[in-house]
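Working notes for the structure below.
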Amino acid sequence: MGGTFLAVMDGFIVNVALPAVRAGVGASFAQAELTVSGYLLAYGLFLVAGGRLGDLWGPRRLFLAGLALFTAASLACGLAASAPALIAFRAVQALGAALFYPQVLSVLQTAFTGRRQVRAFAMFGATIGGASVAGQLLGGLLLHADLFGLSWRPVFLLNVPLGLLLLLGAALTLPPARRPPHSTGRRGRRGGRGGRGAALDGTGTLLLAGTLVSLLVPLTLGHGAGWPVWSLVLPAAALPGAALFWRHERALARRGGQAVVDPGLFSGGRFGAGSALAVAFFAGNAGLFFLLTLHLQTVLGYGALRAGLCFMPLAVMFVLASLGAPRLQERIGPRLLVAGYALNAAGTLALLAAAVADRTHTAVLPACLAVIGFGQGLGVSPLFAAALEQVPARLAGAASGVLETAAQLGMALGVTLTGLAFAARGGGHPADPAAFGAGLAVAALLALTALALAPRLLHPAPGPARAPGPHR
(Lines give C-alpha, C1' and ligand atoms only; values in the text may rest on other atoms or scores of the structure.)
Protein backbone atom coordinates (compact mmCIF):
# COMPACT_ATOMS: atom_id res chain seq x y z
CA MET A 1 0.00 0.00 0.00
CA GLY A 2 2.97 2.29 0.56
CA GLY A 3 4.04 1.69 -3.02
CA THR A 4 0.51 2.38 -4.26
CA PHE A 5 0.35 5.62 -2.29
CA LEU A 6 3.71 6.84 -3.60
CA ALA A 7 2.93 6.03 -7.25
CA VAL A 8 -0.54 7.62 -7.25
CA MET A 9 0.42 10.66 -5.16
CA ASP A 10 3.32 11.46 -7.49
CA GLY A 11 1.00 11.90 -10.46
CA PHE A 12 -1.32 14.33 -8.70
CA ILE A 13 1.36 16.33 -6.93
CA VAL A 14 3.27 16.97 -10.16
CA ASN A 15 0.13 18.09 -12.01
CA VAL A 16 -0.52 20.76 -9.37
CA ALA A 17 3.09 21.98 -9.56
CA LEU A 18 3.26 22.19 -13.36
CA PRO A 19 2.97 26.01 -13.68
CA ALA A 20 5.75 26.50 -11.11
CA VAL A 21 7.92 23.90 -12.85
CA ARG A 22 7.50 25.74 -16.13
CA ALA A 23 8.60 29.04 -14.59
CA GLY A 24 11.41 27.49 -12.55
CA VAL A 25 13.34 25.86 -15.39
CA GLY A 26 12.25 28.23 -18.15
CA ALA A 27 10.35 25.47 -19.94
CA SER A 28 8.13 26.08 -22.92
CA PHE A 29 4.51 25.00 -22.71
CA ALA A 30 5.31 21.90 -24.79
CA GLN A 31 8.24 21.01 -22.50
CA ALA A 32 6.11 21.47 -19.40
CA GLU A 33 3.48 19.23 -20.95
CA LEU A 34 6.15 16.60 -21.65
CA THR A 35 7.08 16.37 -17.97
CA VAL A 36 3.61 14.87 -17.46
CA SER A 37 2.80 13.26 -20.79
CA GLY A 38 6.33 11.85 -21.20
CA TYR A 39 6.03 10.18 -17.80
CA LEU A 40 2.64 8.70 -18.67
CA LEU A 41 3.95 7.46 -22.01
CA ALA A 42 7.01 5.71 -20.55
CA TYR A 43 4.95 4.31 -17.68
CA GLY A 44 2.35 2.84 -20.03
CA LEU A 45 5.02 1.29 -22.27
CA PHE A 46 6.81 -0.64 -19.52
CA LEU A 47 3.92 -1.80 -17.31
CA VAL A 48 3.36 -5.17 -18.99
CA ALA A 49 7.07 -5.96 -19.09
CA GLY A 50 7.38 -4.94 -15.42
CA GLY A 51 4.55 -7.26 -14.45
CA ARG A 52 5.97 -10.16 -16.47
CA LEU A 53 9.43 -9.69 -14.95
CA GLY A 54 7.76 -9.94 -11.56
CA ASP A 55 6.39 -13.36 -12.55
CA LEU A 56 9.83 -14.50 -13.69
CA TRP A 57 12.04 -13.02 -10.96
CA GLY A 58 9.60 -12.61 -8.07
CA PRO A 59 7.56 -9.58 -6.93
CA ARG A 60 10.00 -8.80 -4.12
CA ARG A 61 12.99 -8.31 -6.41
CA LEU A 62 11.08 -6.18 -8.89
CA PHE A 63 9.40 -4.10 -6.19
CA LEU A 64 12.74 -3.28 -4.57
CA ALA A 65 14.54 -2.63 -7.86
CA GLY A 66 11.75 -0.47 -9.27
CA LEU A 67 11.33 1.50 -6.04
CA ALA A 68 15.08 2.13 -5.82
CA LEU A 69 15.12 3.41 -9.41
CA PHE A 70 12.04 5.58 -8.79
CA THR A 71 13.59 7.10 -5.65
CA ALA A 72 16.92 7.87 -7.35
CA ALA A 73 15.13 9.40 -10.35
CA SER A 74 12.99 11.54 -8.01
CA LEU A 75 16.17 12.96 -6.49
CA ALA A 76 17.49 13.69 -9.97
CA CYS A 77 14.20 15.39 -10.91
CA GLY A 78 14.38 17.59 -7.82
CA LEU A 79 17.93 18.67 -8.73
CA ALA A 80 17.34 19.07 -12.49
CA ALA A 81 18.72 22.31 -13.87
CA SER A 82 16.95 22.34 -17.23
CA ALA A 83 13.71 21.26 -18.85
CA PRO A 84 15.30 18.53 -21.05
CA ALA A 85 17.02 17.04 -18.00
CA LEU A 86 13.77 17.04 -16.04
CA ILE A 87 11.91 15.34 -18.90
CA ALA A 88 14.61 12.65 -19.16
CA PHE A 89 14.64 11.98 -15.40
CA ARG A 90 10.84 11.80 -15.38
CA ALA A 91 11.06 9.02 -17.99
CA VAL A 92 13.45 7.10 -15.72
CA GLN A 93 11.07 7.70 -12.82
CA ALA A 94 8.26 6.22 -14.90
CA LEU A 95 10.35 3.14 -15.64
CA GLY A 96 10.86 2.60 -11.91
CA ALA A 97 7.13 2.94 -11.23
CA ALA A 98 6.31 0.51 -14.05
CA LEU A 99 8.60 -2.05 -12.41
CA PHE A 100 7.26 -1.84 -8.86
CA TYR A 101 3.57 -0.93 -9.23
CA PRO A 102 2.36 -4.14 -10.97
CA GLN A 103 3.87 -6.13 -8.09
CA VAL A 104 1.30 -4.55 -5.74
CA LEU A 105 -1.63 -6.22 -7.49
CA SER A 106 0.40 -9.41 -7.89
CA VAL A 107 0.93 -9.62 -4.12
CA LEU A 108 -2.74 -8.87 -3.41
CA GLN A 109 -3.75 -11.65 -5.77
CA THR A 110 -1.32 -14.31 -4.54
CA ALA A 111 -0.80 -13.59 -0.83
CA PHE A 112 -4.45 -13.33 0.24
CA THR A 113 -7.57 -15.43 -0.23
CA GLY A 114 -11.26 -15.17 0.61
CA ARG A 115 -12.45 -12.34 2.83
CA ARG A 116 -8.90 -11.23 3.59
CA GLN A 117 -8.32 -10.68 -0.13
CA VAL A 118 -11.55 -8.65 -0.39
CA ARG A 119 -10.37 -6.44 2.49
CA ALA A 120 -6.92 -6.11 0.94
CA PHE A 121 -8.37 -4.90 -2.35
CA ALA A 122 -10.63 -2.52 -0.42
CA MET A 123 -7.56 -1.05 1.24
CA PHE A 124 -5.97 -0.77 -2.20
CA GLY A 125 -8.92 1.30 -3.44
CA ALA A 126 -8.90 3.47 -0.32
CA THR A 127 -5.18 4.08 -0.73
CA ILE A 128 -5.70 5.30 -4.30
CA GLY A 129 -8.34 7.77 -3.11
CA GLY A 130 -6.23 8.96 -0.18
CA ALA A 131 -3.15 9.37 -2.36
CA SER A 132 -5.05 11.42 -4.93
CA VAL A 133 -6.24 14.01 -2.41
CA ALA A 134 -2.87 13.96 -0.61
CA GLY A 135 -1.14 14.74 -3.90
CA GLN A 136 -3.46 17.67 -4.63
CA LEU A 137 -3.11 19.12 -1.12
CA LEU A 138 0.60 18.48 -0.63
CA GLY A 139 1.35 20.00 -4.03
CA GLY A 140 -0.53 23.16 -3.14
CA LEU A 141 0.97 23.35 0.37
CA LEU A 142 4.56 22.81 -0.77
CA LEU A 143 4.25 25.46 -3.46
CA HIS A 144 2.62 27.87 -1.03
CA ALA A 145 5.29 27.28 1.65
CA ASP A 146 8.20 27.60 -0.82
CA LEU A 147 10.48 25.62 1.49
CA PHE A 148 14.02 27.03 1.60
CA GLY A 149 13.23 28.99 -1.53
CA LEU A 150 13.19 25.75 -3.56
CA SER A 151 9.81 26.48 -5.21
CA TRP A 152 8.68 23.31 -7.06
CA ARG A 153 11.65 21.07 -6.20
CA PRO A 154 10.27 19.67 -2.90
CA VAL A 155 7.43 18.15 -4.96
CA PHE A 156 9.99 15.64 -6.28
CA LEU A 157 12.37 15.59 -3.31
CA LEU A 158 9.53 14.45 -1.03
CA ASN A 159 9.71 11.07 -2.78
CA VAL A 160 13.27 10.50 -1.56
CA PRO A 161 12.65 10.01 2.20
CA LEU A 162 9.37 8.25 1.47
CA GLY A 163 11.07 5.94 -1.03
CA LEU A 164 13.90 5.10 1.37
CA LEU A 165 11.43 4.23 4.14
CA LEU A 166 9.47 2.04 1.75
CA LEU A 167 12.63 0.29 0.60
CA LEU A 168 13.48 -0.56 4.21
CA GLY A 169 9.94 -1.74 4.94
CA ALA A 170 9.77 -3.86 1.80
CA ALA A 171 13.16 -5.43 2.46
CA LEU A 172 12.03 -6.43 5.97
CA THR A 173 8.51 -7.65 5.18
CA LEU A 174 8.12 -8.92 1.60
CA PRO A 175 8.89 -12.64 1.46
CA PRO A 176 11.36 -13.95 -1.14
CA ALA A 177 9.91 -15.67 -4.20
CA ARG A 178 9.49 -19.42 -3.91
CA ARG A 179 12.21 -21.38 -5.62
CA PRO A 180 10.51 -23.18 -8.53
CA PRO A 181 11.31 -26.75 -9.52
CA HIS A 182 13.36 -25.73 -12.58
CA SER A 183 15.35 -22.93 -10.94
CA THR A 184 18.51 -25.01 -11.05
CA GLY A 185 20.21 -26.53 -14.01
CA ARG A 186 20.38 -25.52 -17.64
CA ARG A 187 16.64 -25.35 -18.24
CA GLY A 188 16.00 -23.03 -15.30
CA ARG A 189 18.81 -20.71 -16.33
CA ARG A 190 17.71 -20.67 -19.95
CA GLY A 191 14.07 -19.91 -19.30
CA GLY A 192 12.36 -23.25 -18.70
CA ARG A 193 8.71 -23.01 -17.96
CA GLY A 194 8.10 -21.53 -14.55
CA GLY A 195 11.80 -21.12 -13.86
CA ARG A 196 12.87 -18.06 -11.95
CA GLY A 197 15.28 -16.08 -14.05
CA ALA A 198 13.66 -17.23 -17.28
CA ALA A 199 14.25 -14.89 -20.18
CA LEU A 200 11.65 -12.28 -21.02
CA ASP A 201 10.04 -12.67 -24.43
CA GLY A 202 12.14 -10.08 -26.29
CA THR A 203 10.31 -10.24 -29.61
CA GLY A 204 6.92 -10.04 -27.96
CA THR A 205 8.05 -7.15 -25.77
CA LEU A 206 9.25 -5.19 -28.80
CA LEU A 207 6.05 -5.87 -30.75
CA LEU A 208 3.94 -4.84 -27.76
CA ALA A 209 6.03 -1.70 -27.23
CA GLY A 210 5.62 -0.77 -30.89
CA THR A 211 1.86 -1.22 -30.71
CA LEU A 212 1.57 0.81 -27.51
CA VAL A 213 3.77 3.56 -28.97
CA SER A 214 1.45 3.73 -31.98
CA LEU A 215 -1.52 4.24 -29.64
CA LEU A 216 -0.11 6.21 -26.71
CA VAL A 217 2.16 8.69 -28.52
CA PRO A 218 -0.68 10.23 -30.60
CA LEU A 219 -3.05 10.20 -27.62
CA THR A 220 -0.46 11.77 -25.34
CA LEU A 221 1.35 14.21 -27.63
CA GLY A 222 -0.89 14.69 -30.68
CA HIS A 223 -3.11 17.45 -29.27
CA GLY A 224 -0.21 19.57 -28.04
CA ALA A 225 1.54 19.22 -31.40
CA GLY A 226 -1.53 20.32 -33.37
CA TRP A 227 -2.37 16.84 -34.70
CA PRO A 228 0.36 16.48 -37.36
CA VAL A 229 0.26 13.72 -39.98
CA TRP A 230 2.20 11.24 -37.86
CA SER A 231 -0.39 11.48 -35.09
CA LEU A 232 -3.03 10.23 -37.55
CA VAL A 233 -0.87 7.58 -39.22
CA LEU A 234 0.44 5.90 -36.07
CA PRO A 235 -2.94 4.69 -34.73
CA ALA A 236 -3.58 2.94 -38.04
CA ALA A 237 -0.22 1.17 -37.69
CA ALA A 238 -1.32 -0.14 -34.28
CA LEU A 239 -3.77 -2.60 -35.86
CA PRO A 240 -1.25 -4.70 -37.82
CA GLY A 241 1.18 -4.34 -34.92
CA ALA A 242 -1.37 -5.80 -32.51
CA ALA A 243 -2.13 -8.64 -34.94
CA LEU A 244 1.57 -9.54 -35.26
CA PHE A 245 2.02 -9.39 -31.49
CA TRP A 246 -0.97 -11.66 -30.85
CA ARG A 247 0.15 -14.16 -33.49
CA HIS A 248 3.64 -14.30 -31.99
CA GLU A 249 2.35 -14.75 -28.43
CA ARG A 250 0.00 -17.58 -29.44
CA ALA A 251 2.77 -19.39 -31.30
CA LEU A 252 5.19 -18.96 -28.40
CA ALA A 253 2.63 -20.20 -25.87
CA ARG A 254 1.94 -23.31 -28.00
CA ARG A 255 5.69 -24.09 -27.95
CA GLY A 256 5.72 -23.81 -24.15
CA GLY A 257 7.64 -20.50 -24.11
CA GLN A 258 7.27 -17.58 -21.71
CA ALA A 259 4.93 -15.19 -23.54
CA VAL A 260 4.94 -11.65 -22.22
CA VAL A 261 1.11 -11.74 -22.37
CA ASP A 262 -0.27 -15.25 -22.09
CA PRO A 263 -3.13 -15.54 -24.65
CA GLY A 264 -4.98 -17.78 -22.20
CA LEU A 265 -5.69 -14.72 -20.06
CA PHE A 266 -8.32 -13.62 -22.57
CA SER A 267 -9.84 -17.00 -23.44
CA GLY A 268 -13.02 -16.53 -21.43
CA GLY A 269 -13.50 -15.56 -17.82
CA ARG A 270 -13.48 -12.12 -16.29
CA PHE A 271 -10.07 -10.82 -17.24
CA GLY A 272 -10.93 -9.69 -20.78
CA ALA A 273 -14.16 -8.05 -19.64
CA GLY A 274 -12.35 -6.38 -16.76
CA SER A 275 -9.67 -4.98 -19.07
CA ALA A 276 -12.29 -3.47 -21.40
CA LEU A 277 -14.13 -2.00 -18.43
CA ALA A 278 -10.87 -0.52 -17.08
CA VAL A 279 -10.32 1.34 -20.37
CA ALA A 280 -13.81 2.90 -20.30
CA PHE A 281 -13.89 3.69 -16.58
CA PHE A 282 -10.44 5.25 -16.31
CA ALA A 283 -11.01 7.19 -19.53
CA GLY A 284 -14.02 8.89 -17.97
CA ASN A 285 -12.25 9.33 -14.64
CA ALA A 286 -9.12 10.96 -16.10
CA GLY A 287 -11.16 13.10 -18.47
CA LEU A 288 -13.24 14.41 -15.58
CA PHE A 289 -10.17 15.30 -13.49
CA PHE A 290 -8.56 17.02 -16.48
CA LEU A 291 -11.68 19.07 -17.25
CA LEU A 292 -12.38 20.01 -13.67
CA THR A 293 -8.83 21.26 -13.11
CA LEU A 294 -9.08 23.46 -16.22
CA HIS A 295 -12.53 24.75 -15.24
CA LEU A 296 -11.56 25.62 -11.68
CA GLN A 297 -8.44 27.55 -12.71
CA THR A 298 -9.45 29.15 -16.02
CA VAL A 299 -13.17 29.84 -15.49
CA LEU A 300 -13.56 30.16 -11.72
CA GLY A 301 -10.06 31.60 -11.21
CA TYR A 302 -9.03 29.33 -8.31
CA GLY A 303 -5.41 28.96 -7.23
CA ALA A 304 -3.62 25.61 -6.99
CA LEU A 305 -4.44 25.02 -3.29
CA ARG A 306 -8.10 26.05 -3.55
CA ALA A 307 -8.53 23.95 -6.69
CA GLY A 308 -7.03 20.98 -4.86
CA LEU A 309 -9.45 21.45 -1.96
CA CYS A 310 -12.37 21.26 -4.40
CA PHE A 311 -11.48 17.61 -5.01
CA MET A 312 -11.88 16.81 -1.30
CA PRO A 313 -15.54 15.65 -1.46
CA LEU A 314 -14.71 13.23 -4.28
CA ALA A 315 -11.61 11.86 -2.58
CA VAL A 316 -13.17 11.51 0.88
CA MET A 317 -16.21 9.66 -0.46
CA PHE A 318 -13.91 7.52 -2.63
CA VAL A 319 -12.00 6.39 0.48
CA LEU A 320 -15.15 5.78 2.53
CA ALA A 321 -16.77 3.77 -0.26
CA SER A 322 -13.63 1.69 -0.79
CA LEU A 323 -13.42 0.82 2.91
CA GLY A 324 -17.15 0.03 3.09
CA ALA A 325 -17.20 -2.01 -0.11
CA PRO A 326 -16.42 -5.40 1.54
CA ARG A 327 -19.45 -5.21 3.87
CA LEU A 328 -21.70 -3.97 1.09
CA GLN A 329 -20.47 -6.76 -1.16
CA GLU A 330 -21.42 -9.34 1.47
CA ARG A 331 -24.99 -8.02 1.36
CA ILE A 332 -25.63 -7.40 -2.34
CA GLY A 333 -22.87 -9.48 -3.94
CA PRO A 334 -21.35 -8.66 -7.31
CA ARG A 335 -24.17 -6.23 -8.08
CA LEU A 336 -22.14 -3.75 -6.02
CA LEU A 337 -19.96 -3.19 -9.09
CA VAL A 338 -22.97 -2.14 -11.19
CA ALA A 339 -24.26 0.08 -8.37
CA GLY A 340 -20.90 1.85 -8.19
CA TYR A 341 -20.76 2.60 -11.89
CA ALA A 342 -24.42 3.69 -11.86
CA LEU A 343 -23.64 6.26 -9.14
CA ASN A 344 -20.54 7.40 -11.02
CA ALA A 345 -22.58 7.94 -14.20
CA ALA A 346 -25.41 9.65 -12.31
CA GLY A 347 -23.02 12.06 -10.61
CA THR A 348 -21.31 12.89 -13.90
CA LEU A 349 -24.66 13.52 -15.62
CA ALA A 350 -25.72 15.76 -12.70
CA LEU A 351 -22.47 17.71 -13.02
CA LEU A 352 -23.12 18.08 -16.76
CA ALA A 353 -26.59 19.48 -15.98
CA ALA A 354 -25.02 21.92 -13.49
CA ALA A 355 -22.51 23.05 -16.11
CA VAL A 356 -25.26 23.65 -18.68
CA ALA A 357 -27.18 25.69 -16.08
CA ASP A 358 -23.96 27.53 -15.09
CA ARG A 359 -24.25 26.36 -11.46
CA THR A 360 -20.77 24.92 -10.93
CA HIS A 361 -19.82 27.84 -8.66
CA THR A 362 -22.44 26.76 -6.11
CA ALA A 363 -22.79 23.90 -3.63
CA VAL A 364 -23.97 21.74 -6.52
CA LEU A 365 -20.34 21.09 -7.51
CA PRO A 366 -19.18 19.41 -4.25
CA ALA A 367 -22.46 17.47 -4.06
CA CYS A 368 -21.96 16.04 -7.56
CA LEU A 369 -18.32 15.25 -6.82
CA ALA A 370 -19.30 13.43 -3.63
CA VAL A 371 -21.69 11.17 -5.58
CA ILE A 372 -19.04 10.55 -8.26
CA GLY A 373 -16.41 9.75 -5.63
CA PHE A 374 -18.66 7.30 -3.81
CA GLY A 375 -19.49 5.52 -7.06
CA GLN A 376 -15.86 5.35 -8.11
CA GLY A 377 -14.86 4.01 -4.70
CA LEU A 378 -17.38 1.20 -5.04
CA GLY A 379 -16.10 0.42 -8.53
CA VAL A 380 -12.29 0.46 -8.38
CA SER A 381 -11.24 -2.27 -5.95
CA PRO A 382 -14.05 -4.73 -6.94
CA LEU A 383 -13.03 -4.20 -10.59
CA PHE A 384 -9.42 -5.22 -10.00
CA ALA A 385 -10.43 -8.08 -7.71
CA ALA A 386 -13.00 -9.48 -10.17
CA ALA A 387 -10.72 -9.12 -13.20
CA LEU A 388 -7.86 -10.97 -11.48
CA GLU A 389 -10.00 -13.58 -9.71
CA GLN A 390 -9.52 -16.37 -12.27
CA VAL A 391 -5.87 -15.57 -13.07
CA PRO A 392 -3.42 -18.24 -11.84
CA ALA A 393 -0.70 -17.05 -9.48
CA ARG A 394 2.11 -17.76 -11.95
CA LEU A 395 0.63 -15.11 -14.29
CA ALA A 396 -0.46 -12.60 -11.64
CA GLY A 397 2.29 -10.11 -12.46
CA ALA A 398 1.68 -10.16 -16.21
CA ALA A 399 -2.08 -9.87 -15.72
CA SER A 400 -1.58 -6.95 -13.32
CA GLY A 401 0.62 -5.22 -15.88
CA VAL A 402 -1.95 -5.72 -18.64
CA LEU A 403 -4.77 -4.42 -16.41
CA GLU A 404 -2.74 -1.36 -15.41
CA THR A 405 -1.86 -0.76 -19.07
CA ALA A 406 -5.55 -0.88 -19.96
CA ALA A 407 -6.20 1.73 -17.28
CA GLN A 408 -3.29 3.84 -18.55
CA LEU A 409 -4.52 3.62 -22.14
CA GLY A 410 -7.97 4.61 -20.92
CA MET A 411 -6.61 7.66 -19.09
CA ALA A 412 -4.73 8.84 -22.18
CA LEU A 413 -7.84 8.27 -24.31
CA GLY A 414 -10.09 10.08 -21.84
CA VAL A 415 -7.90 13.18 -21.59
CA THR A 416 -7.59 13.31 -25.39
CA LEU A 417 -11.31 12.94 -26.12
CA THR A 418 -12.51 15.34 -23.45
CA GLY A 419 -9.72 17.77 -24.36
CA LEU A 420 -10.79 17.76 -28.00
CA ALA A 421 -14.40 18.49 -27.05
CA PHE A 422 -13.26 21.20 -24.64
CA ALA A 423 -11.06 22.89 -27.25
CA ALA A 424 -13.60 22.57 -30.07
CA ARG A 425 -16.45 24.13 -28.07
CA GLY A 426 -14.22 26.75 -26.48
CA GLY A 427 -13.07 27.97 -29.90
CA GLY A 428 -9.61 28.78 -28.61
CA HIS A 429 -11.01 30.46 -25.47
CA PRO A 430 -10.65 27.96 -22.59
CA ALA A 431 -12.42 30.35 -20.22
CA ASP A 432 -15.70 29.76 -22.08
CA PRO A 433 -17.99 27.90 -19.61
CA ALA A 434 -19.62 26.05 -22.52
CA ALA A 435 -16.31 24.30 -23.20
CA PHE A 436 -16.53 22.62 -19.79
CA GLY A 437 -20.00 21.32 -20.63
CA ALA A 438 -18.86 19.94 -23.98
CA GLY A 439 -16.00 18.04 -22.37
CA LEU A 440 -18.28 16.78 -19.60
CA ALA A 441 -20.66 15.36 -22.20
CA VAL A 442 -17.82 13.13 -23.41
CA ALA A 443 -16.92 12.16 -19.82
CA ALA A 444 -20.57 11.27 -19.16
CA LEU A 445 -20.67 9.10 -22.29
CA LEU A 446 -17.57 7.25 -21.09
CA ALA A 447 -19.15 6.75 -17.64
CA LEU A 448 -22.26 5.31 -19.28
CA THR A 449 -20.08 3.00 -21.37
CA ALA A 450 -18.44 1.68 -18.20
CA LEU A 451 -21.89 1.12 -16.68
CA ALA A 452 -22.98 -0.83 -19.77
CA LEU A 453 -19.89 -3.06 -19.56
CA ALA A 454 -20.14 -3.73 -15.81
CA PRO A 455 -22.73 -6.58 -16.02
CA ARG A 456 -20.22 -8.62 -18.04
CA LEU A 457 -18.29 -9.16 -14.81
CA LEU A 458 -21.31 -10.55 -12.94
CA HIS A 459 -21.91 -13.81 -14.83
CA PRO A 460 -18.89 -14.36 -17.08
CA ALA A 461 -18.16 -17.41 -19.15
CA PRO A 462 -16.05 -20.01 -17.36
CA GLY A 463 -12.37 -19.17 -17.26
CA PRO A 464 -9.71 -21.18 -19.07
CA ALA A 465 -8.91 -24.55 -17.62
CA ARG A 466 -5.53 -24.23 -15.96
CA ALA A 467 -3.66 -25.68 -13.11
CA PRO A 468 -3.88 -23.27 -10.19
CA GLY A 469 -0.80 -21.35 -9.16
CA PRO A 470 1.14 -22.29 -6.02
CA HIS A 471 -0.61 -19.70 -3.82
CA ARG A 472 -4.19 -20.29 -4.98
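The values are calculated or read from the model by the stated rules, or taken from the named source; none is laboratory data. In this text the structure is predicted, and so the values were computed from the model without any measurement. We place every Cβ from the backbone using ideal geometry, glycine too, and count neighbours over all the protein chains shown. When the accessible area is computed, the model is the full protein with side chains, heavy atoms only, and any ligands, DNA or RNA have been set aside. Shrake-Rupley method; radii C 1.70, N 1.55, O 1.52, S 1.80 Å.
Listing for the model above:
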read-out	value
Magnitude of the charge dipole, the chain, Cβ model with Lys/Arg +1 and Asp/Glu -1, debye to 20	1980 debye
1.4 Å probe accessible area per residue over the chain, in Å²	41 Å²
Carbon/sulfur fraction of accessible area - the chain, other protein chains in place, 1.4 Å, %	68 percent
Options Pro366, Ala406, Gly264, ranked by Cα towards positive dipole end of segment 261-458, top entry (Cβ charges)	Pro366
Ranked by how many other beta carbons lie within 10 Å on average, peptides 75-84, 366-375 from highest	366-375, 75-84
Cα gyration tensor shape of segment 29-178, rounded if a/c is under 1.5, else prolate or oblate by comparing a/b with b/c	prolate
Rounded to the nearest 10 Å², the accessible area of Glu330 at probe 1.4 Å	120 Å²
Helix-derived mean residue ellipticity, 222 nm - over the chain, DSSP H n ≥ 4, -39500 (n - 2.57), to 500	-26000 deg cm²/dmol
Estimated dipole of segment 261-458 in Debye, rounded to 20 [Cβ of Lys and Arg +1, of Asp and Glu -1, Cα centre]	260 debye
